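The values are calculated or read from the model by the stated rules, or taken from the named source; none is laboratory data. All of these numbers come straight from a predicted model, not from anything done at the bench. Backbone-built Cβ (ideal geometry, glycine too); neighbour counts: all protein chains shown. Quick note on the areas: whole protein, heavy atoms, side chains included, nothing else; ligands and nucleic acids left out. Shrake-Rupley method; radii C 1.70, N 1.55, O 1.52, S 1.80 Å.
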Amino acid sequence: MTMTTEPPPSTTAALRFSGVSKKFKDGTVALTGADLAVAPGEFVTVVGPSGCGKSTLLRIASGLDKASDGEVAVHSKSVGYVFQDATLLPWRTVRDNVGLLAELEHMDKKERERRVRDAIDLVGLTGFEKHLPMELSGGMRMRVSLARSMVLAPDVFLFDEPFGALDEITRERLNDELLRMFIQSRFAALFITHSVQEAVFLSGRVLVMSGRPGRVKAEVTVPFDYPRAPEIRYSAEFAALCGEVSQYLRDV
Amino acid sequence: MTVDVDSAAAAPAVGPAPGEVVAPPTGAGVPGGRWARSRGALLNKFLLPFCVFALFVGGWYLVSGFALTRQQRFMLPLPHDVIRVGILDWSNFKVILEALRYTVIVTFVGLAISMVLGVLAAVLMSQAQWIESSLYPWAVVLQTVPILALTPVLSFFFGFALTSRTIVCVIIAFFPIVSNTLFGLQSVDRGMHELFTLHHTSRFTRLWKLQLPAALPAMFSGFRVAAGLSVIGAIVGEFFFKQGNAGLGTSLSVYSSRLEGERLWATTLVASLLGIAVFVFFGWLSRRVVGRWYQPKRG
Ligand SMILES: Nc1ncnc2c1ncn2[C@@H]1O[C@H](COP(=O)(O)OP(=O)(O)OP(=O)(O)O)[C@@H](O)[C@H]1O
Ligand SMILES: [Mg+2]
């Protein structure tokens, strides 16, 4: 890894990638010189063709994988990571699944139970505490997964296409609710998606990645303020932004 | 469920979307309702096995009644003779029940030891590839070694009675527990492992909170196979180690040498029933323990 000069403290990003490359053992180059930064309290989405290294980006940010080259800086006390699958433990009830990460982090029991209750409330699953994952719909499982991470009150939140497997209506609802959480907790979010609408609706900036080996090719700033009404999806400005992102996606 | 009215203006009502409904309790929603379902279950669970049983008994009558002459019939007596002599004649049946007691003891002790050792061995093997590579082949060898070859050394160290029989039982029942448990421990979804990795989970916590619970269904199917095998193990053990209290295996070898077909087959029947009983018991236990969250996929 090469060292780059530290940014001045006032502009310290929650998450910064500088010239990050990733070459797997089998020779696959997933990323070449990826640059990106997410400021504290900023919501950034990443779109890009399938297989361009989006998941790899998040795995490196979370420490699950190591970058082969470049510098990764994460300034965070607690990183949340939501996978594409809900990855719930099938033998645990909703309540016990939501409490899992807090349990692994040895959080005090009283505190944990309080936060679990709040998180379940936040994702609208009150009344389902005793249900097993098997008894939930895909959307509800994803809510449990979100709640599980929320319990740790992360200041950096990584999302790997969390709503990719859901139908359009459920996805939009969860988008609305995710923004509600974001406004409440103001974490720094790096959100991966296939859906251009989802990207524009959620984020302050949309990063477009090139095909493999991936790097950030273009950036679209979304000027809407938070909180965002669900109806902005139908505005002309929203459509124009989506068009712009789609255009970049076609060009890469 | 309550709807958060305050936030309803900014964001639509909290709660699952219209399409997201909790699965109905099993039974409802099936065409024809609960009755058709339980009738189907009844057919599958009892009627079909019974038909197979009837065919089997019919075949038995055919072989015994027509293929064998009266002089040869001691090999496979007619079913009703087996019942009459071996089971309805109390003086004979009492002996079989007495033998059953000792077989049951060896079966249960052997099975319990296999379960403990088998799960421990699997957990050990799951901890590192090199441990698995060095131990697993020997678990396979242990399963394939002819018991006959072990008789001298077992009898030298443990005598000709219950201890040696139990060891034979363990040798026979051990392997399916190891292989099933190991499979279960290793089949945990990669995503779940990574979730635990992200939170710097210790080996023990990972084992206790992730791998062992995930392995339970496989472990129980191992227990079930091993339960049947432990009956066989106990009987084989009694065949070779005949000192002390006689078990079903002891009786079998005596009746067989005396050409007492009826008592031989009655004893066999009792041994099979014991096997079925432990098998069914572990099926029930498995459903009790993991049935709530684990639903095997149907082909
Ligand atoms: N462990 C690995 N070993 C080798 N190659 C890998 C590994 N993980 C990922 N790759 C490869 O790296 C590339 C990028 O993978 P990645 O999962 O990051 O893509 P992605 O952008 O998330 O794709 P998708 O949108 O389909 O999820 C792919 O070509 C993939 O085959
Ligand atoms: Mg991916």
Helix B:212-240 sits off the longest principal axis of the Cα atoms of chain B, rounded to the nearest 10 on a 0 to 90 degree scale, by 0
In deg cm²/dmol, rounded to the nearest 500, the helical mean residue ellipticity at 222 nm of chain B, built from -39500 (n - 2.57) for every DSSP H run of length 4 or more, is -22500 deg cm²/dmol
Computed over the protein assembly as shown, protein heavy atoms only, probe 1.4 angstrom, the accessible area per residue in square angstrom equals 50
If one builds a Gaussian network model of chain B from Cα atoms under 10 Å apart, the most fluctuating residue listed among B:V57, B:V231, B:V109 is B:V57
Percent relative contact order for the range B:111-200, counting Cα pairs under 8 Å at least six residues apart, stands at 49
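At a probe of 1.4 Å, how much accessible area disappears from chains B and A on forming the pair, both sides counted, to the nearest 100 Å²? Could you put the intermediate results ahead of the total?
Values: alone 18630 and 12230 Å², together 27680 Å².
When B and A are taken together, about 3200 Å² of accessible area is lost.
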Shape descriptors of the protein assembly as shown over alpha-carbon atoms, Rg and Dmax in angstrom, are 32.2, 104
So the carbon and sulfur contribution to the accessible area of chain A, 1.4 Å probe, in percent, is 51
Connecting every pair of Cα atoms under 10 Å apart in chain A and solving the GNM, the largest mean-square fluctuation among A:P49, A:P162, A:P230 falls on A:P230
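Find me the longest stretch of chain B that has none of the exposed trypsin sites (Lys or Arg not before Pro), where exposed means in a DSSP loop (not H, G, I, E or B) with at most 10 other Cβ atoms within 10 Å.
Result for the longest clean stretch: B:71-296.
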Taking Cα atoms only, helix B:48-62 is inclined relative to the longest principal axis of chain B by an angle, in degrees rounded to 10, of 20
Across the alpha-carbon set of the range A:81-209, Rg over Rh with Rh taken as the Kirkwood radius works out to 0.95
Here, B:Q243 and B:S91, labelled 7 Å along Cα→Cβ, have an inter-label distance in nm of 3.1
Candidates B:S114, B:S164, B:S202; GNM for chain B (alpha-carbon contacts under 10 Å) flags as most fluctuating B:S202
Too long for a 28 Å Cα-Cα cut-off, among B:K45/B:K209; A:K110/B:K209; A:K23/A:K217, are B:K45/B:K209
Rounded to the nearest Å, the spacing of the alpha-carbon centers of the range B:212-249 and the range B:75-94 is 26
Here the gain from full extension of B:S257 to B:V153, 0.36 nm per residue of separation minus their alpha-carbon distance, amounts to 34.9 nm
Expressed as a percent, the portion of alpha-carbon pairs in the range A:89-154 spaced more than 19 Å apart is 20
Everything considered on the Cα gyration tensor (a ≥ b ≥ c; rounded for a/c under 1.5, else prolate if a/b is larger than b/c, else oblate), chain B must be described as oblate
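Based on the alpha-carbon gyration tensor of the range A:1-148 and its eigenvalue square roots a ≥ b ≥ c, which shape applies: rounded if a/c is under 1.5, prolate if not and a/b is larger than b/c, or oblate?
prolate
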Across all Cα atoms of the range A:157-217, Rg and the largest Cα-Cα distance (Dmax), in Å, are 12.1, 36
A chain fully extended from A:E129 to A:E219 at 0.36 nm per residue, minus the present Cα-Cα distance, gains in nm 28.3 nm
Between the modelled labels at B:Q186 and B:R288 (7 Å from Cα along Cα→Cβ) the distance in nm is 3.1
Relative contact order as a percentage, chain A, C-alpha pairs under 8 Å and 6+ apart, gives 26
With Cα coordinates, the longest principal axis of chain B makes an angle with the long axis of helix B:261-290, in degrees rounded to 10, of 10
Residues of the range A:62-92 that bury at least 30 Å² of accessible area, probe 1.4 Å, when all protein chains are present rather than the chain alone, are A:L64, A:F83, A:T87, A:L89, A:P90, A:W91
Within chain A, excluding any GluC sites (Glu not before Pro) found in a DSSP loop (not H, G, I, E or B) and having at most 16 other Cβ atoms within 10 Å, the longest uninterrupted segment runs A:130-252
The set of residues whose placed amide H lies less than 5 Å from the amide H of A:A218, leaving out same-chain residues fewer than 5 positions away, is A:V208
Rounded to whole angstrom, the alpha-carbon centroid of the range B:98-125 lies from that of the range A:159-178 at a distance of 50
Buried by partner chains in the range A:107-138 (accessible area down by at least 30 Å² vs chain alone, 1.4 Å probe, heavy atoms, protein only) are A:G124, A:T126, A:F128, A:L132, A:M134, A:E135, A:S137
At the level of C-alpha centres, the distance separating the range A:21-80 and the range A:194-245, in angstrom, is 19
Mean per-residue count of partner chain Cβ within 10 Å for B:180-191 equals 1
Each label sits 7 Å from Cα toward the beta-carbon; between A:L64 and A:I183 the label points are separated, in nm, by 3.1
